[in-house]
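Working notes, structure below.
The values are calculated or read from the model by the stated rules, or taken from the named source; none is laboratory data. For clarity, every value in this text was computed on a predicted model and none was experimentally measured. Note that we place each Cβ from the backbone using ideal geometry, even for glycine, and neighbour counts take in every protein chain shown. Heavy atoms of the whole protein, side chains included, go into the accessibility calculation; ligands, DNA and RNA do not. Shrake-Rupley method; radii C 1.70, N 1.55, O 1.52, S 1.80 Å.
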Amino acid sequence: MNQTADPTRSSRYDPSVNSVADEIARALHDAGIREIFGQSCPTALMLAAERLGIRQIGYRTENAGAAMADAYARVSGQIACIAAQNGPAATLLVPGMAEAYKASVPMLALVQDVHRRQVDKNAFQEFDHQALFSSCSVWFQRLTEGGRAYEFTRKAIIAATSGRPGPAVLMLPMDILIEPARLTEAAPEPFRLGRFPMLRTRPADAEIDTALGLLLKARRPLIVAGGGVHSSEAHDALAALRDALAIPVATTNMGKGAVDETHPLALGVVGSTMGTRSPAKYMSEYISKADVVFFAGNRTNENGTGAWKLFPPDAAFIHADIDPYETQRNYRALPLVGDLRETLEAMLVRHAARQTSAVAAPGARERRIAAELAPLRERAVANLQPYLQPGNPLLRPERLVREIERHAPEDSIFVADASYSTLWLTQFLTCRQPGRRYLSPRGLAGLGWGYPMALGAKLAMPQRTVVALVGDGGFAHCWAELECAVRHDIDAKVVVLNNAVLGFQRNAELGYYRTHTDVCRMVRVDHTLVARAVGCAAFAASDDESLEAALRQAFATPGPCLIDVMVDPEAFPPITAFERQFVRLSENAATPVGDDA
């Protein structure tokens, strides 16, 4: 235990003296933080953290480290901490912090800064960090008084986890960290410091009653669940409301995993990816006639709303969100402002107390709506079958994803990179156990974050199997993190869709320009060689037989593992806007595309 500071002691680093770095580390530990994603800086802080049992996870690049921290927080419900040096290292935090900011994920960034006496003197790597982080943080401070170290660290954690969560930044001048500091006396916290949501609030009863009235009177109601279900841990409450009111539930990409997708009232993932092969392809027939749409923890962004054209403009809208602005961003909705789980649970309580004739027959409404949805679902399943069968000359991603699902344990966590990888995962994995089990960087949708997110998820839930699905284009951004996984023995499996094509970019260019630039095609890389170079187990697959063997070996192999899968370079997910391209390709290949594609 470090002794209380003696102000007369030298300012040189002395681990036997309680320092500012020790105070920050103690604040982290008191908030439940047990890992810091870092690369050794600020060194005094890392040494202090080690003494308290806080482990440093050494990322290879700062942007990957931020993605690890993001996923750690999403899966655990606990704020994650990342540290970096000032200047260039700090700038590389911005992409991952921007994703967390857009996706409302709490993160604490501790960034080393120049000595206080060197400010505005062009010290080495001095930079305007407040301006740098202004667009991707909810709180920013520079620690200038050592006696306030614990206080400022606690405030940063509170700012990151309260209201609409997001990244908080605390700048730490190098010289202040080794200053002696008075030991902060431990005090009980009045809330769950470090957990999020930090505090749970809910709308007024009158607002809840109005929303219930709309939903109960609706002929064709619909809930569209977003990522806020996961942040709020509202899975059980959402399922209970679905059952109590007999309301069908669709999800966005980020909302994947909010509900059991085998339930008769499940529509699947909706939005901009409802073309042929999508399990939700024909659900637009129900959605287009919905009379009340309830957005639950949903940003109503472009992809989740089919470019704001999916839902009928004459429907009544209800929007539950922690952020008042989000409830009015794109639709004139009845706002239910508060924590989503608290809001849904309050709706259930108020609903049970109403005891009106409208609440007496949820079973009849469920049977009617389920009977309408069932044939829509069956038509979509029939369209998809040819792409799931073995024997195609080139492996289809649809079949690959279903084979991954067959081999993985039922409670596995699946992580996808941005772009096509996300859509393969959200469309063709079937959620049977709701929870924080499907992760993708859809806040800002930056390419290359899938694999480091899988590492963060595994660190948060070491007892669970974690599988990452990434394209070769995105994986090239971060394959250095294979060494991080090997060094820290992070047992995450990564499946690489190897097609030597920047798929979305190519298809988007073909759709808009009828041609594409030459850089959409890449050199085919043998990712097994990359993995083995750092001591990571690796397997390859190019057909049905080798895929079966590779998956079986990978899931039986302890430690980090890579599977390099050669897939059809012409395959792309069922993006609605690309339907014409899909039909043309299918006609050329004489492949069935569905009854009305």
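Worth a mention:
- Residue in the stretch 200-217 that is least open to solvent (accessible area, probe 1.4 Å), counting only those that are touching a helix residue (DSSP H, G or I) at 6+ places or on another chain (Cβ under 9 Å) and in a loop (DSSP other than H, G, I, E, B): 203
- Answer from 541, 508, 554 - the residue that is in contact with a Lys or Arg (Cβ under 9 Å, 6 or more places away or on another chain) and in the same structural domain as residue 416 (by the TED database): 554
- Residues located in the stretch 329-347, provided they are acidic (Asp, Glu) and either closer than 21 Å to residue 301 by Cα or in contact with a Cys (Cβ under 6 Å, 6 or more places away or on another chain) (or both): 339
- When residues of the stretch 123-142 are limited to those that are of a type in the set (A, V, I, L, M, F, W, C) and modelled with pLDDT under 95, the one nearest to the chain's Cα centre (by Cα): 127
- Selected residue (criterion: farthest from residue 191 (Cα to Cα)) from residues of the stretch 36-69 that are touching a Leu at 6+ places or on another chain (Cβ under 7 Å) and open to solvent by 30 Å² or more (accessible area, probe 1.4 Å): 61
- Considering residues of the stretch 261-278 that are over 22 Å from the mean Cα position of the chain (by Cα) and open to solvent by 10 Å² or more (accessible area, probe 1.4 Å) only, the residue farthest from residue 245 (Cα to Cα): 262
- Flag set for residue 475, criterion: of a type in the set (Phe, Trp, Tyr), in contact with a Phe, Trp or Tyr (Cβ under 7 Å, 6 or more places away or on another chain) and under 20 Å from residue 67 (Cα atoms).
- Neighbours by Cβ (under 9 Å, 6+ apart or cross-chain): first from the stretch 263-280, farther than 19 Å from residue 508 by Cα and not assigned by the TED database to the domain that holds residue 573; second among the hydroxyl-bearing types (Ser, Thr, Tyr) and part of a loop (DSSP other than H, G, I, E, B): 268/278; 268/430; 269/252; 269/278; 270/252; 270/278; 279/430; 280/273
- In the set (1) touching a residue at least 60 places away in the same chain (Cβ under 8 Å); (2) closer than 18 Å to residue 101 by Cα, the condition left unmet by residue 183 is number (2).
- The stretch 92-128, residues that are open to solvent by 10 Å² or more (accessible area, probe 1.4 Å) and within 25 Å of residue 72 (Cα to Cα): 92, 94, 95, 98, 101, 102, 103, 104, 112
- Conditions (1) part of a loop (DSSP other than H, G, I, E, B); (2) more than 29 Å from residue 278 (Cα to Cα): number failed by residue 350: (1)
- Taking residues in the stretch 189-201 that are outside the structural domain of residue 78 (by the TED database) and free of Cβ contacts under 8 Å to residues at least 24 places away in the same chain, and partners anywhere that are assigned to a loop (DSSP other than H, G, I, E, B) and open to solvent by 60 Å² or more (accessible area, probe 1.4 Å), the pairs with Cβ atoms closer than 9 Å and at least 6 places apart or on different chains are 191/199; 192/199.
- Taking the stretch 531-548 as the range and being closer than 19 Å to residue 487 by Cβ and either over 29 Å from the mean Cα position of the chain (by Cα) or open to solvent by less than 40 Å² (accessible area, probe 1.4 Å) (or both) as the test, the residues that pass are 531, 533, 536, 537, 538.
- Condition met for residue 117 (basic (Lys, Arg), part of a helix (DSSP H, G or I) and over 29 Å from residue 416 (Cβ atoms)): yes
- Output for the stretch 172-194, where each listed residue is crowded, with 22+ Cβ neighbours inside 10 Å and more than 18 Å from residue 15 (Cβ to Cβ): 173, 194
- Residues that are among the β-branched types (Val, Ile, Thr) and closer than 15 Å to residue 169 by Cα, drawn from the stretch 94-120: 94, 105, 111
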